[in-house]
Every structure is written in C-alpha cells, then in structure tokens.
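Data first, discussion second: the structure below is written as structure tokens.
Each value in this text was obtained by applying a stated rule to the coordinates, not by laboratory testing. These numbers come from a predicted model, not from an experiment. Using ideal geometry, Cβ is built from the backbone for each residue, glycine included, and neighbour counts are taken over all protein chains shown.
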Amino acid sequence: MTDPILEVRNLSTHFFTDDGEVKAVRGVSFSVAPGETLGIVGESGCGKSVTAMSVLGLVQRPGKVVSGEIMFRGHDLLKLTREELRNIRGRDIAMIFQDPLSSLNPVLRVGYQIDEAMYAHDKIASNAVERRGIDLLKQVRVSDAERRIKDFPHQFSGGMRQRAMIAMGLSNKPDLLIADEPTTALDVTVQAQILELLRDLNEQTGAAIILITHNLGVVAGLCKRVLVMYAGEIVEEGTVEQIFESPQHPYTWSLLRSVPRIDANRGHRLLSIEGLPPDLIDLPQGCKFNPRCPFRVERCFTESPPIEQVAPAQHAACWVTMERAYAEMGAGTITDTSPGAASGVHPAGRSLPPAEVPAAIAEPVSD
Amino acid sequence: MTDTIVAPAPKVLPSVEPILRVVNVVKHFGAGVGSSVKAVDGVSFDVLPGETVGLVGESGCGKSTLGRLITQLIPVTSGEVYLNGVDITKLRGEKLRQQRKQLQMIFQDPYASLDPRMTVGDIIAEPLVNFKMIRGRAKDARVQELLRTVGLNPYFNNRYPHEFSGGQRQRIGIARALALNPKLIICDEPVSALDVSIQAQIINLLEDLQREFELTYLFIAHDLSVVRHISNRVMVMYLGKICEVAPSEDLYTSQEHPYTRALLSSIPVPDPRIESRRRLVELSGEIPSPLNPPSGCRFHTRCPIAQVPGVCADVEPPLELKGEGHLAACHFSEQVRTKIAVTN
C-alpha cells in the first residue's frame with residue numbers, strides 16, 4: 001500500500017445555531033490513496049458535503065471544525081495559516097460544485113475564469129495561460145474550444161458549464177479533485193458524459209477523485225471504494241463490490257433496496273425506509289439509525305456501535321450486521337420494513353406516533 | 001401535423017373507453033415577432049382507466065407543459081383533450097371547472113405547492129370548499145380520513161406546512177389531490193425533490209392508493225427508473241414530440257427508437273458489475289432549440305444511425321406500431337438494437 005495523500009482522522013464539524021448545536025459531522029475518519037476514486041454517499045443532511053468543505057477549510061460561521069486532523073502530504077490542513085491553505089486549495093486539491101451556473105461569474109468570460117485559477121497559483125506568461133485554457137477546454141471535450149473560450153457562462157449549456165468547472169479544477173494539475181454532486185443538476189444523458197469524462201481524467205492525469213453524491217448508480221460506475229454516511233457518521237465503508245453486493249449495515253442494505261432499478265423486473269415493491277433521518281441537534285441515543293431500522297436489537301437503543309471490520313477492507317458500524325440479519329431475522333424475504341419489524345424489537349414508548357404505525361405492529365411486542 | 005395515431009390499448013383491457021384521450025395537442029409559446037417555442041408539437045395518446053402511463057424526457061422536452069395542457073392550466077394552441085369523452089379544451093368557466101373535478105394534480109415541489117399561511121387541514125379541504133361539497137364537522141372528519149389515508153397523523157390538521165418534512169409535505173399534496181375522489185391524477189415529478197429513502201415511501205404510497213381507489217395516473221418524470229417502476233406503459237418525449245411508447249416490461253430489453261436507447265444507456269445502475277460492462281451511446285451535440293426544431297426527424301442531428309442527407313433529414317417519421325403495444329417514430333427502428341451497442 002502506498003501512503004495516502006489525504007487522511008482524515010476523527011473529524012467533527014458542528015454548526016452553532018440559535019436553535020442549538022447542529023452536529024453535522026461526528027468522528028469521521030477515512031483516507032484517500034493517490035489516484036483512487038472514493039465515493040461518499042448519503043442523503044441530504046448526512047454530512048457528506050460538510051465533510052468535503054471541512055477538508056478544504058471552507059466551513060463558514062456558524063460552522064466550525066471542532067476536532068480532528070486532516071493530513072495532506074504530511075501536513076495537518078487544520079493547522080495551516082489561511083495563506084498556506086490557499087496555496088493548497090485550488091492547486092493541489094480542487095473542488096467542483098453541484099450547480100455550475102451559480103459557481104461561475106456571469107459577467108466574466110469563461111476563458112478568463114479558467115485562466116484566473118492558474119494566475120492565482122503560478123507566475124506564468126499570459127499567452128501560455130491562454131493556450132493552456134484552450135487545451136483544458138479541449139481536454140474536457142468542449143467542441144470549438146478556441147471560439148467558446150471567449151463566451152460568457154450564459155452562452156454555455158448546463159453540461160458545458162460543468163465541463164468548464166472541471167477544466168478550472170484541472171488547471172493546476174491537482175492531486176485530488178473533490179466533486180460535490182457534480183451531475184445532480186444535469187440531465188441523464190449529460191450526466192453520463194460528465195461521469196465518463198471524470199473517469200477518463202482519473203486514468204489520464206492520475207488525480208484522485210472524491211465523488212460526493214446521493215445517487216448510488218453514479219457511485220457504482222465511477223468509484224473503486226465507497227463510504228456510506230448517515231446522520232453525520234460513516235456507517236459503512238468498503239470496496240464498491242462489497243458495498244453493492246454484500247452491504248453489512250442495514251442502512252446501506254435498505255438504501256439499495258429502496259431505489260427503483262432500470263434493469264429490475266417490474267412488479268416488485270420497493271423496500272422503503274420508514275420515518276425520517278434524525279434531527280442533528282437532538283440525536284437519538286445509541287445507533288443513530290435505530291428509529292428506522294427493521295433489524296434493531298435492544299442494544300441499539302443505548303450503545304452507539306463503533307465502526308469495525310466485517311470483512312477484509314470492509315467496515316460497518318452496526319451491532320447486528322446484515323450477515324446476522326439474514327441468518328436470524330429472515331432479511332432475504334422481508335416485506336415489512338417498519339422499525340423493528342424483522343427483529344421484533346419495539347420497546348414501549350419508543351414506537352412511532354399511532355397514525356404512522358401500520359396496524360400490524362401497532363401493539364408493542366412485549367418481551 | 002400528420003401523426004394522429006393513438007397509442008393502442010394494452011391487450012388486457014380490450015375496447016375500454018379511455019379516461020383521457022389527447023389528440024394532436026400543440027402548444028406554441030410566442031417568442032417575439034414571427035417566432036415561437038414549439039414546446040409541444042402534435043402529441044396524441046390514450047390513457048385507460050386504472051393504468052399508469054409514464055411520460056419521460058429530459059429538461060425542455062415539453063413533458064411538464066403537456067401535463068399543464070391536459071389539466072388546462074394553460075390553453076392549447078390546437079388539438080383536443082378528452083376527459084371521459086368530453087373535450088375540455090372547448091370548455092370555459094364553470095363548465096370547465098366542473099369537468100376538472102375528476103382530474104387532480106400532484107406537483108413537484110412540496111415546498112412551493114402548499115400555501116405556507118394555510119393550515120394543513122385548510123389546504124386539504126380547499127378543493128372540497130371550492131366545490132361546496134362538504135362543511136363543518138363532516139369536512140373535518142374527511143380531512144382526518146385523508147390524512148390517515150396518506151399515512152399522516154390525523155391530528156396534524158391544525159399544523160402549518162413548515163412543520164413538515166419534504167416527504168410529509170408531498171403526502172399533504174397527495175391528500176389534497178385525493179379530496180375530490182378524482183379518477184385521474186397527473187403526477188408531475190412527484191418524487192424528484194425528495195431524498196432517496198423518502199422517494200420509495202411516496203412511490204409505495206401512490207401504488208397503494210391506486211389499488212385502493214382505482215386511480216389512473218399520468219406519471220411525468222425525468223427519472224426513467226422511477227417511471228418504469230410505477231408505469232404500465234412509458235412514453236418517451238423528445239423536443240415536443242413522443243418518439244416511443246412501450247410497455248414497461250419491453251422498455252429495458254427492446255427499444256425501437258435510438259433516443260430511448262441512448263437514454264437507457266446513460267442511466268446508471270447501482271451495480272458495479274453491470275456498470276463496468278455498460279457502454280454509453282454518445283449523442284452528438286446538444287438538444288436543438290425548440291424555437292427552430294430540426295427538419296424531418298427531430299432527433300436526426302444527434303442520432304447515431306441517422307441517414308443524413310436523406311430520409312431522416314427530410315421526412316418526419318410517423319409514430320407507428322412496431323410490436324405489440326409498442327410504437328416508435330423512427331425510419332430505421334429495426335436497426336436500433338443491432339447498430340447501437342450498449343455493452344462492451
């Protein structure tokens with residue numbers, strides 16, 4: 001194993017709001033190897049974007065990184081001065097954002113904005129920058145790059161704007177590219193082209209990519225390794241095959257079964273995840289997924305499970321894990337996904353309000 | 001417009017009167033002197049009672065405009081929309097209002113489609129009040145019944161929309177759509193604003209309600225996986241026209257239009273093994289402007305098998321039957337599966 005280029009250790013980022021302390025990211029640790037493609041998946045509010053923002057020192061008040069280390073090439077990014085961090089950000093680590101329209105300045109030409117990223121970091125001749133700008137646009141497959149580089153962002157389509165953003169990110173040959181929902185605002189045919197572009201760039205330039213997305217299909221196509229986040233924590237980590245073929249955390253497992261697949265036979269019912277993600281100000285005791293988990297056991301209500309190895313290269317934070325859920329709780333044939341449905345654990349006083357509980361489980365099961 | 005072909009009824013329901021029949025509907029939005037955006041340009045199809053018809057396409061293809069034309073939220077430029085045999089494009093005022101009772105809509109954005117200053121109870125009761133159907137205690141009881149039907153606590157009727165999450169708000173929108181016992185519900189991107197785990201809850205709810213109340217859905221969305229999951233038949237739209245109509249079972253395995261094939265090839269599957277074999281059908285260029293759509297087949301500028309110059313650029317292909325319940329508008333539909341590879 002080569003040394004990782006990025007190693008995040010025990011990162012916690014909280015937002016100090018008038019309503020209370022929003023614990024957006026809690027104790028997150030992961031690493032990225034050179035040239036690797038890592039996916040971070042989860043739903044809105046799970047902390048995936050805040051994690052990325054924390055790495056780049058972009059978390060703004062009332063948010064604050066409250067603990068942890070972010071090691072990049074042996075330096076802790078959290079200990080750098082603003083000036084030192086600015087030298088790394090945009091040069092060694094670049095970021096691509098979700099909405100390419102609001103990330104581009106509407107009154108400046110696209111070419112100028114790409115060049116700007118290079119001027120900010122290197123003292124190079126302006127004609128060299130211009131040529132590189134055109135090369136970059138060609139590299140991200142914008143046709144007629146010589147002419148289009150003089151266009152304003154509104155003259156670009158959504159897909160081309162995202163290509164321009166990627167060109168900007170690549171301009172200083174970064175070692176790590178963080179792409180935060182880069183295709184969410186785009187149509188599927190354009191999304192597929194952008195993903196293919198990212199895949200090719202990863203192969204050609206050797207830049208590692210962290211892809212942040214809620215779309216499981218996007219991760220399956222681009223990433224070699226996957227982190228699954230829920231309510232501010234990493235709940236599972238593994239190779240892309242492990243995560244999709246033998247997920248061990250009930251959240252990962254449920255998420256995969258709750259999305260309709262284009263290649264699936266019709267007629268089957270989606271296994272939905274009941275309830276809502278928890279309030280990050282007032283988190284539940286024990287495992288954060290326990291209020292929605294069909295496989296919860298008594299221990300899940302009181303003790304938070306640590307993330308532990310479940311297979312070579314695969315880690316999950318669960319007291320039960322799907323292996324046991326299959327063996328003991330009939331996870332393979334489950335149709336009722338209400339909390340505790342498979343394990344039969346519905347402690348009194350912890351059930352949902354009456355209207356939300358299907359008749360079948362309205363009565364708490366006494367032990 | 002030449003293509004007045006109407007999508008045929010599926011085999012299981014022979015000679016049933018369609019609940020909705022759309023005939024040659026056109027909507028052109030004026031865009032300055034002498035030009036217009038051809039948002040919907042000659043669309044015809046039938047929806048039968050009890051079925052779910054999906055309508056997919058990328059942004060700007062006209063799918064939402066079509067939904068709004070069917071509900072008569074905007075007037076058609078030409079064409080007819082028959083709701084249970086009555087052409088509602090010819091109706092105005094009270095007559096239209098009475099017909100529209102049978103037709104409800106669920107909107108995309110659960111934040112924008114609920115009035116923040118009304119209580120949930122008032123929002124759900126509004127259609128009932130509009131049609132003076134019910135008052136007082138009976139109204140409250142009906143609201144509570146509707147809340148329960150969509151899986152919400154019936155005692156939430158005095159709360160305001162901001163107290164609810166996105167998924168719960170969409171349930172409120174669904175309860176409102178159910179209030180008048182409609183036969184047909186137009187769902188315009190009902191789950192695309194929701195998180196993955198919440199999407200499944202709403203899709204399952206829509207399926208349960210359909211069974212319980214014998215509803216008919218026209219399900220408009222950009223996500224083909226979702227559309228195919230919920231629909232019996234899927235219509236694919238490109239640049240203001242329907243280019244393919246297929247039973248959902250057939251759609252993934254056999255496509256008769258190159259655009260559908262390209263669309264399918266670009267949908268990521270949550271399975272790394274399938275993903276590694278998948279090959280993207282590259283479409284050249286961007287979607288042309290609906291101000292000035294291409295001649296002949298509208299897809300010919302991007303089509304991997306188009307014969308240009310030739311028939312594709314000159315002659316508009318009619319939407320015609322290619323197989324059992326399967327229509328497509330392509331001159332070379334027999335080449336779609338042999339000439340366009342989607343796996344490595």
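If the only charges are +1 at each Lys and Arg Cβ and -1 at each Asp and Glu Cβ, what is the size of the charge dipole of the range B:198-344 around the Cα centre, to the nearest 20 debye?
The calculated dipole for the range B:198-344 is roughly 520 debye.
Which FRET efficiency value, to the nearest 0.05, is calculated for B:Thr119 and B:Leu321 with the Förster distance at 51 angstrom and r the Cβ-Cβ distance?
Efficiency, from the Cβ-Cβ distance: 0.50.
Please give the per residue volume of the convex hull enclosing the alpha carbon atoms of the protein assembly as shown, rounded to a whole number of Å³.
Spelled out: Cα convex hull of the protein assembly as shown, divided by residues, is 179 Å³.
Order by neighbour count: A:Val345, A:Val228, A:Val297, fewest other Cβ atoms within 10 Å first, most last.
A:Val297, A:Val345, A:Val228
Pairs to check: A:Lys48/A:Lys79; B:Lys27/B:Lys322; B:Lys38/B:Lys183; A:Lys138/A:Lys173. Give those whose C-alpha atoms are more than 24 Å from each other in this structure.
B:Lys27/B:Lys322; B:Lys38/B:Lys183
What does the average come to when, for each residue of peptide A:213-226, you count the partner chain Cβ atoms lying within 10 Å of its Cβ?
That works out to 4 on average.
HN-Hα J couplings of the range B:296-306 from phi, Karplus 6.51/-1.76/1.60, θ = phi - 60°, integer Hz, Gly and Pro as x?
Couplings: x, 6, 5, 8, 5, 5, 10, 6, x, 10, 5 Hz.
Which ordering of A:Met165, A:Met53 is given by a fewest-first count of other beta-carbon atoms within 10 Å? Working shown, then result.
On the way: A:Met165 28, A:Met53 20.
Going from sparsest to densest Cβ surroundings: A:Met53, A:Met165.
Roughly how many nanometres apart are two label points built 7 Å out from the Cα toward the Cβ at B:Arg97 and A:Asp336?
The answer from the label model is 4.7 nm.
Taking a ≥ b ≥ c as the square roots of the Cα gyration tensor eigenvalues, with a/c under 1.5 meaning rounded and otherwise prolate when a/b beats b/c, else oblate, which class fits chain A?
prolate
If Lys and Arg each add +1 and Asp and Glu each add -1, what is the summed charge of the other residues whose beta carbon sits under 15 Å from the beta carbon of A:Glu328?
With Lys, Arg at +1 and Asp, Glu at -1, the net is +1.
Using θ = phi - 60° and the Karplus curve 6.51 cos²θ - 1.76 cosθ + 1.60, what whole-Hz ³J(HN,Hα) does each residue of the range B:101-107 get, with Gly and Pro shown as x?
4, 6, 10, 10, 9, 10, 9
Loop sites only, by DSSP: take the GluC sites (Glu not before Pro) in chain B that have at most 12 other C-beta atoms within 10 Å and name the longest stretch containing none of them.
Here the longest run is B:1-213.
Can you compute the helix-only [θ] at 222 nm over chain A? Use -39500 (n - 2.57) per DSSP H run of at least 4 residues, normalise by all residues, nearest 500 deg cm²/dmol.
-8500 deg cm²/dmol
Are there any trypsin sites (Lys or Arg not before Pro) in the range A:229-286 that are in a DSSP loop and have at most 14 other Cβ atoms within 10 Å? List them by number.
Those satisfying the criteria are A:Arg269.
State, in angstrom, two size descriptors of chain B derived from its alpha carbons: Rg to one decimal place and Dmax to the nearest whole number.
Values for chain B (Cα only, Rg and Dmax): 21.0, 70 Å.
Using a Gaussian network model of chain B whose springs link C-alpha atoms within less than 10 Å, name the residue from B:Arg135, B:Arg273, B:Arg21 with the highest mean-square fluctuation.
With Cα springs under 10 Å in chain B, the top fluctuation among B:Arg135, B:Arg273, B:Arg21 is at B:Arg273.
In whole Å, what is the distance between the alpha-carbon centres of the range B:26-86 and the range A:227-295?
Using only Cα atoms to place each centre, the spacing works out to 38 Å.
Starting from the amide H of B:Ile186, placed 1.01 Å from N in the peptide plane, find each other amide H under 5 Å away whose residue is 5 or more places distant or on another chain.
Answer set, sorted by chain and number: B:Gln104, B:Met105, B:Ile106, B:Leu218.
How would you classify the range B:304-344 from its alpha-carbon gyration tensor, with a ≥ b ≥ c the square roots of the eigenvalues: rounded for a/c under 1.5, else prolate if a/b is greater than b/c, otherwise oblate?
Taking the square roots of the gyration eigenvalues as a ≥ b ≥ c, the range B:304-344 is oblate.
Between A:Lys224 and B:Glu286, with labels modelled 7 Å along Cα→Cβ, what's the label distance in nm to one decimal, could you check?
With each label placed 7 Å out from Cα toward Cβ, I get 3.5 nm.
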